[in-house]
Amino acid sequence: MHEQKELNSKTLLKEVERDSVALLYGNSLAGIFITLFASSGLVFGFEQTINITFKVSWWLLLCVVLVLRMADLMWWNFKLKNIQYNVQNAKLRFVIGTLTTSLWWCSYCVVVFPQTGPVELASMIIVVAAMAGGAATILAAHKLTAILYSFILLGPFSIGLLLSSEQYRIVLGALGLGFCLVMVFTAKKSALFTRNAVYLKNQNAVLVNEMEEQVALRTAKIVELSNLDPLTGLYNRTAFTEALVACIRKSEQDNQQIALLFIDLDGFKKINDTLGHDIGDKVLTQTAARLKNMRLDHNLLCRWGGDEFLVVMTNTSEEQAIPYAHNLIANISQAYEFTDNRLSLGATVGIAILPKHTNSEHELILLADTAMYFQKKNQPGSVGVFNQELGRQLFREQWLSNGLSEALELGQMHLVYQPIVDANTHDTLVFEALLRWTFEGEAIPPDEFICIAEQHGQIIKIGSWVLQQSCLTVAKWQSDSEFSPSISVNVSVLQLLDDDFILIVEQALQTSGLSPDKLYLEITESVFSANKNKMFSQIRALQALGIKVSIDDFGTEYSSLSVIQDLAFNTVKIDKIFVDKLESSGFAIIKAVVQIAKTLNCKVVAEGVENQQQATILSQLGVDSLQGYYFAKPMEHADAYAFYQRNVTDRSDLKAINISAVD
């Protein structure tokens, strides 16, 4: 508190000095012009019979002094007035210019008065007395200058007159000296009054500022208490965003950079799912404490949500933020110890810089989140900085997201169909429906736009359309023939988590008239990283309807034998990466999968079959069905139907031959 008062006192004195200089320069222009007019009148207003060379030379040199003072005034007015300048230097320049002017006036009076007549002498004493009187007010902002100016103008001149032998000169000298003493006293009083007025004005400003600071501090405290995350004690979203806006404004004023660090914990979900939310909350609390311990001056901390944290570093460059982020990761990655548990997890950090990457607080958070997302995808447990490439990807993602919102209504999406054939006979058993999207003349890959649809909440609408269209298409192909195919449709995790998903499937079957046993739903292994209980419940409900369920891309992500056993899947689809390695490690893996699947009464499909050799080996290993370019690429509706019709004809012909042979 004492230090704060001392600081305020120093600030007050600085402001008083600054205002005093402003008053001096503010009145300077009038003084310069009065000096010019008065000097010109005395030099050129009387008959030039004596001292004409001295008078003109004196006037010219005085003009030089006035020009220099005018230049100093313009410099102060246009360059220094509105910035933080050196007050003492400006005051010194003003005082030197002003006292030089008074000394030059004094020299004129002392040299000229012995040889002047009564009229000119009276004019001289009147002019300098008037200027001394004006100085007592105009120069009141600096006491010493006001006193010296008045005395130098009148003092030596009046004393010289008193020492004259002529009576009228002595009288004028006495009057001048008396007026000089009065002006000195007046200048002192005016300076004291002006100083007090300036001091009181700035003192009131400081008091008001102190009151505003106190109110601001108390208000900030109230806001802080009402906007903290209750679990970690860090800022919540609302408070953090407001603080970030203020931080950005200050950084713009100070021409400084801000670094925003977006922190996401690696492995936290597994802790929450396996050990419960109580342990998860303890981990979050300890993480917040570690972030607080590593906080630098003026850092903002926030729990953004879940296991995400934000850190704002002010006056920080990218080069300074990166090592700090690495230290954060190292600190967070240290073991978390509780009564019965010792846990480890990591963190991934994304960094965005203001104003290098953006000037918006919302975009700053988004860009740091984007950098974290891409870093977590490619190299978790490390630091990623937003760059132009990420910016292009973000722009493309937003462009595609906007396009997806109207893709169905504009007829930009359509389905293609790839057959799944019997491994031995190569008869078509099932068609897999595959979604295609053409947007602004570009064929967008499914592995790109499906992820975007999931992230931006559009997958449920799109997935429902795919399911409906697939069922309608195959229902049209059905006939009384025993060879009618089934349809296989990919299902997103978010679709399965949707409470209305079972109803959507039932409506698709009812609308199309497709038999439930003709519908396969392909579910990627990633669904089992989500809410397992909800997943199991939804899958059992689908199987209860008679729908067959397949695990797609088996062996690449989260699958386990217990999943197959508990849910009794109808089909396991072996991923293409294992088929590509049939001549090496893929052979043993596929053989093991086939043996396990047969034991559990589960069919096996191999994806990505591209040649006859692969088809033969897979058939010999006991794989039930095959799918890949060796048999057919994904086809448009008409081509797929023609393919199916040829298959039906071939099988009918084969059946007729067999009957004929029996007869």
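The values are calculated or read from the model by the stated rules, or taken from the named source; none is laboratory data. Since the structure is predicted, the reported quantities are computational estimates derived from the model, not experimental observations. Here Cβ is always computed from backbone atoms with ideal geometry, including for glycine, and neighbour counts include all displayed protein chains.
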### Task
Report whether or not Val623 is part of a loop (DSSP other than H, G, I, E, B) and touching a strand residue (DSSP E or B) at 6+ places or on another chain (Cβ under 9 Å).
yes
### Summary
Scanning segment 264-298 for residues that are among the polar types (S, T, N, Q) and buried (at least 17 other Cβ atoms within 10 Å of the Cβ) gives Asn272, Gln286, Thr287
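For every residue, the table says whether it meets (1) surrounded by fewer than 15 Cβ atoms within 10 Å (Cβ to Cβ); (2) not β-branched (Val, Ile, Thr).
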| site | (1), (2) |
| --- | --- |
| Glu406 | yes, yes |
| Gln412 | no, yes |
| Val421 | no, no |
| Trp465 | no, yes |
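On the given criteria, is Ser529 at pLDDT below 80 and of a type outside the set (D, E, K, R)?
yes
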#### Entry: Those residues of segment 44-94 which are within 49 Å of the chain's Cα centre (by Cα) and of a type in the set (Gly, Ala, Ser), in sequence order
Ala71, Ala90
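Conditions (1) of a type outside the set (Lys, Arg); (2) under 15 Å from Val128 (Cβ atoms); (3) in contact with a helix residue (DSSP H, G or I) (Cβ under 9 Å, 6 or more places away or on another chain); (4) at pLDDT below 80, marked per residue:
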| site | (1), (2), (3), (4) |
| --- | --- |
| Ser150 | yes, yes, yes, no |
| Leu154 | yes, yes, yes, no |
| Phe157 | yes, yes, yes, no |
| Ser165 | yes, no, no, no |
| Leu172 | yes, yes, yes, no |
| Val184 | yes, yes, yes, no |
| Ala191 | yes, no, yes, yes |
### Summary
segment 1-82: helices (runs of 4 or more DSSP H) wholly inside it with 2 or more residues that are in the same structural domain as Glu120 (by TED's automatic domain parsing) and modelled with pLDDT of 85 or more are 28-44, 52-75
### Query
helices (runs of 4 or more DSSP H) wholly in segment 422-541 with at least 2 residues that are hydrophobic (A, V, I, L, M, F, W, C) and within 30 Å of Gly622 (Cβ to Cβ) - which ones?
459-477
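For segment 569-602, enumerate the residues that are part of a helix (DSSP H, G or I) and of a type in the set (A, V, I, L, M). Walk me through it before giving the result.
Keep residues of segment 569-602 that are part of a helix (DSSP H, G or I), which gives 576-579, 585-599.
Correct list: Ile577, Val579, Ala588, Ile589, Ile590, Ala592, Val593, Val594, Ile596, Ala597.
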